[in-house]
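The structure appears right after this line, and notes come after that.
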Amino acid sequence: MRTESLAAIDVHVHIEVDGHGHLSLDDELIEASAKYFRADHDRTPTIEQIADLYRSMNMAAVVFTVDAATATGHPAISSEEIAAKAAEHSDVLIPFGSVDPRRADAVARARSLVADHGVKGFKFHPSLQGFAPNDTAFVCPRCSTPARPGSARACPAVAASSCGCPTRCWSTTWPPTSPG
């Protein structure tokens with residue numbers, strides 16, 4: 001990706017449907033979000049359509065889903081699939097992953113998404129995923145041990161809220177590790 005030639009980078013683009021037609025949210029939540037965001041057009045474009053749109057505007061997009069399976073009971077879209085599709089459009093798409101932080105294997109999944117699938121960061125949505133960012137079960141990474149370059153902890157994270165710590169650092173790196 002040649003960022004110097006881009007007009008802008010949209011850092012918040014939800015992928016709402018996978019290549020098999022599976023939606024990121026159940027029908028009720030999709031309808032509610034469409035109403036809230038006044039989405040009167042195609043609410044679930046494919047990754048290919050998103051890439052074409054951003055390419056036509058000379059822009060790039062950070063693309064992701066939100067894995068909220070534990071809280072919603074609705075199976076998540078595959079972050080691995082999003083990363084693979086984004087790689088096909090690497091001139092305009094930057095893949096971020098999503099892991100359900102309430103799952104025991106969240107950190108391992110995050111590391112795999114970085115190492116094996118090339119995701120560049122992570123998306124969290126505490127209210128949808130059913131956790132509070134300042135809950136001690138979800139340690140703020142900036143208040144934890146330093147990140148190593150190239151590790152999953154060194155990746156940026158986008159969150160719908162901050163951690164509540166004095167430095168407001170939740171939205172900087174993830175996954176969390178235990179202090180010490």
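The values are calculated or read from the model by the stated rules, or taken from the named source; none is laboratory data. Only a predicted model underlies this, so the values are computations on that prediction, with no experimental measurement involved. Ideal geometry is used to build each Cβ from the backbone, glycine not excepted, and the neighbour counts take in all protein chains shown.
Any residue at all in the stretch 47-66 that's closer than 22 Å to Cys155 by Cβ, surrounded by 14 or more Cβ atoms within 10 Å (Cβ to Cβ) and among the hydroxyl-bearing types (Ser, Thr, Tyr)?
Yes.
Identify all residues within the stretch 71-110 that are modelled with pLDDT under 95, surrounded by fewer than 16 Cβ atoms within 10 Å (Cβ to Cβ) and part of a helix (DSSP H, G or I); write none if there are none.
Ala108
For the stretch 14-37, indicate whether the set of residues that are at pLDDT below 95, assigned to a strand (DSSP E or B) and of a type in the set (A, V, I, L, M, F, W, C) is non-empty.
yes
Inspect all residues belonging to the stretch 53-60 and state whether any of them is under 19 Å from Phe96 (Cβ atoms) and of a type in the set (S, T, N, Q).
no
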